[in-house]
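Below is one structure, written out as structure tokens; the observations come after it.
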Amino acid sequence: MTPADLDARLSAEFLEILGGFAVAEGEEGFPPGTRTVLLLGPREPGFWPHLLAQPEWDGAPDPVDRWSRRVVGRLACDLGAKALFPFGGPPYHPFYAWALRTGRCWPSPVRLLVHASQGMLVSIRGALALRDEVAVPPPVAQPCETCAAPCRTACPAGALGAAGYDLPACHGWLDTDGADCLTGGCLVRRACPVSATYARMPEQSAYHMRQFHR
Ligand code: SF4
Ligand code: SF4
């Protein structure tokens, strides 16, 4: 499958390559024979309406993860690769470390990941562990280096900042004054100027907030 063929397959499922990295021969922590890992995430615009039209949206739990398993799993089969997922553990694959290894994701000042084009709304749906050495998107400059860091102060509850994530404080705010977060997504993630350039729909963020705050 050529890079153009792979991109066409991903595009049909509203997925894109978030980044990738080479794996040394015999390196531990990957399926045997892996030489390249590609991380996959939603391609916008259009990801959320596409997802809502899929058979996994049947009222049963975890439709997003079930869809990811089917789509990324089938793609991996077609490529002779292995599909890896950030859910379904324990044990869990170290997706956070893998994201950093791409050179296109970094720890933000509040520790959540920030991606070169998706900002703090980045969502990794799975990875392909390929047996071939293939070109990956190049590393780019970290956006935080030239940013005034509104992410540090955007949480109205003071629950997410440089000191980390105070989950009880976040849930407490969502119980009382959190309508904006619940309908449009976490204000910290939305405050990031890179997030603002990424066309994720508020409905998607609201769905994930409902899953988070049940
Ligand atoms: S969801 Fe709202 S309350 Fe929770 S961390 Fe984000 S901004 Fe703060
Ligand atoms: S708001 Fe600025 S500092 Fe914070 S994650 Fe986004 S780019 Fe980085």
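Given the Cα-Cα distance of residue 5 and residue 87 and 0.36 nm per residue of separation, how much length would full extension add, in nm?
Once the chain is fully extended between residue 5 and residue 87, it gains 26.8 nm.
Quick one, what does Rg over Rh come out to for segment 121-183 if you take C-alpha atoms and the Kirkwood Rh?
Details: Rg = 17.7 Å, Rh = 15.4 Å.
Rounded to two decimals, Rg over Rh is 1.15.
Count the net charge of all other residues whose Cβ sits under 13 Å from the Cβ of residue 126, scoring Lys and Arg as +1 and Asp and Glu as -1.
My count for the surroundings of residue 126 gives +3.
Quick one: Debye curve from the alpha-carbon atoms of segment 33-111 only, equal weights, vacuum; give me log10 I(q)/I(0) at q = 0.16 Å⁻¹ to two decimals.
Reported log10 I(q)/I(0), two decimals: -0.79.
Roughly what would the spin-label model give for residue 199 and residue 134, points 7 Å off Cα along C-beta, in nm?
Distance between label points: 2.5 nm.
According to the Cα gyration tensor, what semi-axes, each the square root of 5 times an eigenvalue, does the equivalent ellipsoid of segment 3-212 have, listed from largest to smallest in whole Å?
29, 21, 16
So what's the projected area for segment 87-214, the Cα convex hull averaged over all directions, in nm²?
The Cα convex hull of segment 87-214, projected and averaged over all directions, gives 9.0 nm².
Counting pairs of alpha carbon atoms under 8 Å apart in space and at least six apart in sequence, what relative contact order in percent does segment 3-212 give?
22
Considering only protein heavy atoms and a 1.4 Å probe, what is the carbon-and-sulfur percentage of the accessible area of the chain?
57
Could you work out the mean projected area of the convex hull around the alpha carbons of segment 166-214, in square nanometres to one decimal? Working shown, then result.
Details: hull surface 13.3 nm².
The orientation-averaged projected area of the Cα hull of segment 166-214 comes to 3.3 nm².
How much mean residue ellipticity at 222 nm does the chain get from its helices, if each DSSP H run of length 4 or more adds -39500 (n - 2.57) and you divide by all residues, to the nearest 500 deg cm²/dmol?
-9500 deg cm²/dmol
Give me the extension gain from residue 141 to residue 70: residue separation times 0.36 nm, minus the current Cα-Cα distance, reported in nm with one decimal.
The residue 141-residue 70 span can extend by a further 22.2 nm.
If I stretch the segment between residue 175 and residue 162 completely, what's the gain in nm (0.36 nm per residue apart, minus their alpha carbon distance), one decimal?
2.4 nm
Find the accessible area per residue for the chain; the probe is 1.4 Å, ligands and nucleic acids are left out, and the unit is Å².
With all protein chains present, the chain gives 50 Å² per residue.
The values are calculated or read from the model by the stated rules, or taken from the named source; none is laboratory data. It should be emphasised that the depicted structure is a prediction, and the values quoted were computed from it without experimental measurement. Because the Cβ atoms are built from the backbone with ideal geometry, glycine has one as well, and the counts that use them run over all protein chains shown. Each accessible area value is taken on the protein alone, full model and side chains, heavy atoms only, with ligands, DNA and RNA left out. Shrake-Rupley method; radii C 1.70, N 1.55, O 1.52, S 1.80 Å.
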